[in-house]
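Everything below concerns the one structure shown next.
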Amino acid sequence: MAGTFVEFFSEEALENVMVILKYKPDRVVYVGHKSNMITKKMNSLREFVKRVSPETELKFIEVSRDNLDQIIDVLSELVERYRDAKFELTGGSELILIAFGFVSSRMPVDTLRIDPYTGMEIDFSGSSPVRIKSHIEMSVADNMVLHGGSLTNQTGSYSTWRFTDDFRQDIRAIWNISKSLRNRWNKYVSSIEEAIKNCPPDELGYFVLPKTSLGEAVMLFHRLMEIGVIRDFHIAKRSISFRFKNEMIRHIVTKTGNILELHVYDVATRDNSRFTDAIIGAMIDWNGSQKNTVPVSNETSVSVDTINEIDVILMRDTIPTFISCKSGKAGSIALHELQTVTSRFGGKYANKVLVMATPCENNASGISFFKQRAKDMHIWVIDDVYSMSDEALLQKLIKIQGINM
C-alpha cells in the first residue's frame with residue numbers, strides 16, 4: 001500500500017484509476033463537481049476497487065462549479081490533513097486546476113501524472129520532472145466493471161470456446177476452407193444451420209440431413225471431413241449422415257460469422273506478448289451490479305437488463321480495442337452499434353475496429369463512402385481479410401493499438 005492520493009474526478013473513468021492500478025494505495029480522495037461525480041459513476045468505481053485493490057479506501061468530496069475560493073479552501077484543507085498525499089493531475093475541470101495551481105504555489109505539494117495510453121508516470125515533485133516507465137494492466141472484465149457493466153456467463157470465452165492447441169489447429173483449417181469459398185461460405189453455412197434446426201441429432205450425436213435441404217452445401221461436408229472435424233460421414237441416395245468432432249465445431253459450421261471472429265481472436269492471441277487480455281463473444285450487461293427494475297404490479301418488480309455483444313475485445317495494458325466482425329456486407333447500423341458500445345465501455349481511450357471478410361464496395365469514383373463514414377466516426381476498418389495473410393492482419397491490429405486516428 002502507498003499512502004494517500006488525491007484525484008480530480010474525471011469524466012473518463014480510466015483517468016480515475018491509474019494510481020489505484022499502479023500503487024494500490026491506502027486511500028484515494030476524489031474532488032469533483034456534482035454534475036460529473038454522480039452516484040452511478042461512484043458506485044462503479046467502488047465495484048472496480050473491490051476487484052483490483054480491496055484494501056483501498058475511497059472518499060468523495062464535492063466542490064462548487066463557480067466558487068474558486070471554496071475550491072481553494074477544500075484543497076488547502078486536504079494538503080493539511082493528508083501531509084503524505086500526492087496529487088494526480090490527469091483529470092479535473094479547469095476551475096479545479098486553477099485552484100490547485102494557486103494552492104501549490106503557496107504550499108509544498110507532491111504531484112504526478114500517469115498517462116493512460118502509455119503508463120508513463122511523470123513525477124513533478126522535484127526541481128525537474130522525473131519520468132518513470134510503468135507497465136499497468138487491466139483485464140477486459142475489470143474494464144467493464146469500471147464503466148458500470150459486466151461480462152455475463154454467456155460470454156463466448158466462458159461458455160462456448162476452449163482454445164486448446166488442437167482447437168486452434170481446427171480454426172486455422174476451417175478458416176482456409178472459408179477463404180477458398182469466400183461468399184459461398186455464408187451461403188453453405190446458412191443452409192446447414194437451417195437443415196440442422198429441422199433435423200436434430202440422435203442420442204449419440206449423429207445427424208441425418210436430407211440432401212434436398214442442403215443443395216450445394218453438401219460439398220462443404222467433404223472438405224470438413226478431409227480436415228477431420230466431422231466424423232463417420234456417409235452419403236446415401238437422399239441424405240447424408242455424420243457427427244461433429246465436438247460442440248465447438250458445430251457452433252462454427254452452423255453460424256456464418258463465427259469463423260471470422262475465431263480467426264481474428266486466434267491471430268491476435270497466438271503470440272501472448274502482443275495483447276495483455278482478450279475476450280471473444282463478449283456479452284455485456286450494461287447495468288452490471290446496478291440493476292434496473294420496472295414494476296409489474298403494485299407489489300412486485302422485475303430486473304431489466306440491457307445486453308450487447310461485441311465479437312472480440314483486446315486489451316493492451318489498460319487500453320481496450322472493441323472489434324466487430326462481419327462475414328458479409330456491413331452498413332451504417334454496424335458502425336453506430338460499435339460506436340455506442342465503445343463509447344459507453346471504453347470512452348475516449350478505446351479503439352474501435354470493424355473487421356470485414358470481403359472488400360468494401362466502392363462507388364464509381366473509387367471512393368468508399370462507408371470507409372469515409374467510419375473514419376469520421378474514428379472507427380478503423382480492416383476489410384478483405386479473406387485476401388490477407390495472418391501476419392498482415394496481426395500487424396494491422398498492432399498498429400491500431402499503438403496509433404490514434
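The values are calculated or read from the model by the stated rules, or taken from the named source; none is laboratory data. Worth saying up front: this structure is predicted, and the values here are computed from it rather than measured. Positions of Cβ are generated from backbone atoms using ideal geometry, with glycine treated the same way; all protein chains shown enter the neighbour counts.
What to note about this one:
- Single match in LYS187, LYS179 (criterion: part of a helix (DSSP H, G or I), more than 28 Å from the chain's Cα centre (by Cα) and not hydrophobic (A, V, I, L, M, F, W, C)): LYS187
- Top-ranked residue of region 1-40 - restricted to ones that are of a type in the set (Asp, Glu) and touching a residue at least 40 places away in the same chain (Cβ under 8 Å), ranked as nearest to GLU62 (Cα to Cα): GLU7
- When PHE60 is tested against (1) on the phi > 0 side of the Ramachandran plot; (2) surrounded by 15 or more Cβ atoms within 10 Å (Cβ to Cβ), only condition (1) is not met.
- Being buried (at least 16 other Cβ atoms within 10 Å of the Cβ), touching a strand residue (DSSP E or B) at 6+ places or on another chain (Cβ under 6 Å), under 19 Å from THR256 (Cα atoms) and not hydrophobic (A, V, I, L, M, F, W, C) holds for only one residue in SER178, SER157, and it is SER157.
- ASP390 vs. criteria surrounded by 12 or more Cβ atoms within 10 Å (Cβ to Cβ) and either at pLDDT 95 or above or under 23 Å from the mean Cα position of the chain (by Cα) (or both): yes
- Enumerated helices (runs of 4 or more DSSP H) restricted to region 312-405, each holding at least 1 residues that are of a type in the set (Asp, Glu) and farther than 23 Å from ARG274 by Cβ: 332-346, 369-376
- Top-ranked residue in region 302-311 [being assigned to a strand (DSSP E or B) and free of Cβ contacts under 8 Å to residues at least 24 places away in the same chain; ranked as farthest from GLU15 (Cα to Cα)]: VAL302
- Flag for ILE240 being assigned to a helix (DSSP H, G or I) and either modelled with pLDDT of 95 or more or farther than 24 Å from GLY156 by Cβ (or both): no
- Filter result for the condition that a residue is of a type in the set (Asp, Glu), under 35 Å from the mean Cα position of the chain (by Cα) and modelled with pLDDT of 95 or more, over GLU57, GLU94, GLU11: GLU57
- Answer from ILE114, ILE122, ILE136 - the residue that is in contact with a Pro (Cβ under 6 Å, 6 or more places away or on another chain) and over 18 Å from GLU47 (Cβ atoms): ILE122
- Lone qualifier among SER44, SER76 - being surrounded by 14 or more Cβ atoms within 10 Å (Cβ to Cβ), outside the structural domain of LYS348 (by TED's automatic domain parsing), within 23 Å of the chain's Cα centre (by Cα) and at pLDDT 95 or above: SER44
- Selection of region 208-235 for residues being touching a Lys or Arg at 6+ places or on another chain (Cβ under 7 Å) and part of a helix (DSSP H, G or I) yields LYS211, VAL218.
- In the set GLY32, GLY91, GLY101, only one residue is exposed (fewer than 14 other Cβ atoms within 10 Å of the Cβ) and at negative phi; that residue is GLY101.
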